[in-house]
Amino acid sequence: MSIQLYNTLTKTKEPFKPLEEGKVKIYLCGPTVYDLLHIGNFRGAIFFNLLRNWMEFSGLNVTFAYNYTDVDDKIIKKANEEGVESSVISERFIEEFEKDFNRLGLRKHDYNPKVTEFMPQIIKFVEDLITNGKAYVIDGEVFYSIDSFEGYGKLSGKKLDELEAGQRVEVDQRKKNPFDFVLWKPSKAGEPSWDSPWGGGRPGWHIECSAMIQALLGDTIDIHGGGIDLIFPHHENEIAQGEGRTGKCYCNTWVHNEFINLSDEKMSKSLGNVITGRSFMDKWHPEILKYLFLSVHYRSQLAINDDKIRGAISALARIYSSLKNAGDVLNFEGGGVVNKAFAQTLSQHDAKIKKYMDDDFNTGEVMASVFEVVRGFNALNLQKKAKDINSKPTAEAFLAWMKKYGDLMALFGQVPSKFLLELDDILIADRKLDRAKIEELVAKRNEAREAKDWAAADQFRDELSAMGIELQDGNPDRQWSVSKG
Ligand code: AMP
Ligand code: ZN
């Protein structure tokens, strides 16, 4: 096995070596559950689904935890606005998140820990840090002392003196260092509160992840992920906590995905420029979102716009048309063997895809390979070769190959004929076309053809073509489709 992963900690691509032979422990920072997630929030989940699948495909046994942050200022604020307990808000949005997640067809994680279920472990963790001289208590509040941890800054590359020079906000004078961060804080009236040795309170954000990681996966994990905005301070602080507690390495490889942008700006709720996963999937399709995300490298920014979405639709239409044709070929008599040259194409691209996936998940190149295989299959034109006993086994080999890589990426698993019709509906809505008008023109053209009025038939065809409608003469299933560029 020779998977190379870019590690934010060392800023290099490194051969991935599990701590324990054959086993991988992965933790990905999950959502704060106070609202629907935007599509950017799903980039990590979609990419890590592939990372996990590829590791398993490569023979590793993966344990994967993805948490829900269900204690947070934003949850409390929303709960107060609605006059309900904060658990009402968090449970509601966990449920909504799970609807989106299932619609994306991603695999379930081994663990989905919630902060509220780990209070004893969080409190014990904070106690251990105090015992180790890494944390101090002031008025019922516990702070991590970053000066006590020599490695502080090693993930983000930030130096303490530089941090202080750039510090503009008013600092809490009680802190030993302005960058000391909160591990435990007293709850205000109306906030959820848990008993602790420091009085009723609630945990800071960073300690949650460290406590859940060490409780579920152990002192050291293989891979920790999140978006690049989490490198500092969240993940830097997680290292300080984890290593400050055990004295051991907290995580070997840090994997961060770049941002999804909208009009060249990071998609974020605070900037107000978001597309929720829900609205994207309602207007377009989960398959389109996954294709868009996986067709670029996870460490590249991706700006979403209508042109890119339409490009993804056209790419998916090409792939699914081939899958549909291959499905039709399965009805032929079989008995032969896979076309020799095509079998070679498949195995060449097996080797290429392995190289690309192993190279820090170069999914753009993986997609290019998929297209070459699709092109190779189309060139065989098997749907016209019903008499050839090799047609069926060749189509079967193509479908099995596409399923192998499709399953890894959570793509290409739709029923082709149905999905192609769905794409038509999506494009009809997008281009504001009138379905009744299209059907009327198609019917008129059929009548003209029956009456052998070729000039009129051509005129209707041209009219349809101007609307972006392609006639599908000779297709027994459908008479027309929307042109997909
Ligand atoms: P949050 O709920 O804000 O903590 O974000 C959940 C996850 O989404 C984190 O891993 C963030 O880094 C990630 N994230 C937030 N905004 C974006 C974005 N525009 N593009 C990609 N990832 C993002
Ligand atoms: Zn986290």
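The values are calculated or read from the model by the stated rules, or taken from the named source; none is laboratory data. Treat the numbers as computed from the prediction; the structure is a model and nothing was measured. Here the Cβ positions follow ideal geometry from the backbone for every residue, glycine too, while neighbour counts run over all protein chains shown. Surface areas here come from the heavy atoms of the whole protein model, side chains and all, with no ligands, DNA or RNA. Shrake-Rupley method; radii C 1.70, N 1.55, O 1.52, S 1.80 Å.
Scan segment 245-255 and tell me whether some residue there is in the same structural domain as Asp128 (by TED's automatic domain parsing), in contact (Cβ under 8 Å) with a residue 40 or more places away in the chain and touching a helix residue (DSSP H, G or I) at 6+ places or on another chain (Cβ under 6 Å). For segment 245-255, residues in the same structural domain as Asp128 (by TED's automatic domain parsing), in contact (Cβ under 8 Å) with a residue 40 or more places away in the chain and touching a helix residue (DSSP H, G or I) at 6+ places or on another chain (Cβ under 6 Å): present.
Test of understanding: among Pro192, Pro203, which residue is open to solvent by less than 40 Å² (accessible area, probe 1.4 Å), within 16 Å of ligand 1 (Cβ to nearest atom), in the same structural domain as Leu129 (by TED's automatic domain parsing) and over 25 Å from Tyr6 (Cβ atoms)?
On the way: Pro192 fails: within 16 Å of ligand 1 (Cβ to nearest atom).
One residue alone meets the criteria, Pro203.
Pull up segment 219-242, narrow it to residues that are of a type in the set (D, E, K, R) and open to solvent by less than 30 Å² (accessible area, probe 1.4 Å), then point me to the one that is nearest to ligand 2 (Cβ to nearest atom). Steps first, please.
Of the residues in segment 219-242, the ones of a type in the set (D, E, K, R) are 219, 222, 229, 236, 238.
Retained after the next criterion (residues that are open to solvent by less than 30 Å² (accessible area, probe 1.4 Å)): 222, 236, 238.
Values: Asp222: 16, Glu236: 11, Glu238: 6 Å.
Of everything passing the filter in segment 219-242, Glu238 is nearest to ligand 2 (Cβ to nearest atom).
Of all residues in segment 118-141, which are farther than 18 Å from Tyr152 by Cβ and open to solvent by 40 Å² or more (accessible area, probe 1.4 Å)? Pro120, Gln121, Lys124, Glu127, Thr131, Val137, Asp139 - these are the residues of segment 118-141 that are farther than 18 Å from Tyr152 by Cβ and open to solvent by 40 Å² or more (accessible area, probe 1.4 Å).
Considering Lys185, Lys175, which residue is among the basic types (Lys, Arg) and assigned to a loop (DSSP other than H, G, I, E, B)? It is Lys175. If you check Ala410 against the conditions, is it in the same structural domain as Thr345 (by TED's automatic domain parsing) and either modelled with pLDDT under 95 or within 23 Å of Phe293 (Cα to Cα) (or both)? Judged against the criteria, Ala410 is a match.
Results for (1) closer than 22 Å to Leu106 by Cβ; (2) among the β-branched types (Val, Ile, Thr), shown as yes or no for each residue.
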site: Gln344; (1), (2): no, no
site: Met357; (1), (2): yes, no
site: Val373; (1), (2): no, yes
site: Lys385; (1), (2): no, no
site: Asp407; (1), (2): yes, no
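Name the one entry in Ala312, Ala351, Ala303 that is surrounded by fewer than 17 Cβ atoms within 10 Å (Cβ to Cβ), free of Cβ contacts under 8 Å to residues at least 40 places away in the same chain and among the aliphatic types (A, V, I, L, M).
Details: Ala312 fails: surrounded by fewer than 17 Cβ atoms within 10 Å (Cβ to Cβ); Ala303 fails: free of Cβ contacts under 8 Å to residues at least 40 places away in the same chain.
When all the criteria are applied, what remains is Ala351.
If we scan segment 16-36, do we find a residue that is under 16 Å from Ile228 (Cβ atoms) and away from ligand 2 (no atom under 16 Å from the Cβ)? For segment 16-36, residues under 16 Å from Ile228 (Cβ atoms) and away from ligand 2 (no atom under 16 Å from the Cβ): absent.
Against the condition at pLDDT 95 or above, out of contact with any strand residue (DSSP E or B) (no Cβ under 9 Å at 6 or more places or on another chain) and basic (Lys, Arg), how does Arg435 come out, does it pass? Considered against the rule, which asks whether it is at pLDDT 95 or above, out of contact with any strand residue (DSSP E or B) (no Cβ under 9 Å at 6 or more places or on another chain) and basic (Lys, Arg), Arg435 comes out as no. Residues in segment 92-99 include none that are crowded, with 22+ Cβ neighbours inside 10 Å, out of contact with any Cys (no Cβ under 9 Å at 6 or more places or on another chain) and either of a type outside the set (Phe, Trp, Tyr) or part of a loop (DSSP other than H, G, I, E, B) (or both). Screening segment 243-261 for residues that are open to solvent by less than 10 Å² (accessible area, probe 1.4 Å) and under 22 Å from Lys124 (Cα atoms) and picking the one that is farthest from ligand 2 (Cβ to nearest atom) gives Gly244. For Asp359, the test of being of a type in the set (Asp, Glu), in contact with a strand residue (DSSP E or B) (Cβ under 8 Å, 6 or more places away or on another chain) and modelled with pLDDT of 95 or more is passed. If you go through segment 43-72 and pick out every residue that is within 16 Å of ligand 2 (Cβ to nearest atom), free of Cβ contacts under 8 Å to residues at least 60 places away in the same chain and either acidic (Asp, Glu) or touching a Cys at 6+ places or on another chain (Cβ under 9 Å) (or both), you end up with 2. Scanning segment 113-161 for residues that are basic (Lys, Arg) and not in a strand (DSSP E or B), we see that the one that is farthest from Ala65 (Cα to Cα) is Lys159. The conditions of being open to solvent by 10 Å² or more (accessible area, probe 1.4 Å) and touching a helix residue (DSSP H, G or I) at 6+ places or on another chain (Cβ under 6 Å) are not met by Glu170.
Of all residues in segment 339-378, exactly one satisfies the criterion of being aromatic (Phe, Trp, Tyr) and not in a helix (DSSP H, G or I), namely Phe361. The set of residues from segment 100-117 being in contact (Cβ under 8 Å) with a residue 40 or more places away in the chain and either open to solvent by 30 Å² or more (accessible area, probe 1.4 Å) or within 20 Å of Glu141 (Cβ to Cβ) (or both) comprises Arg103, Gly105, Arg107, Asp110, Tyr111, Asn112, Lys114, Val115, Thr116.
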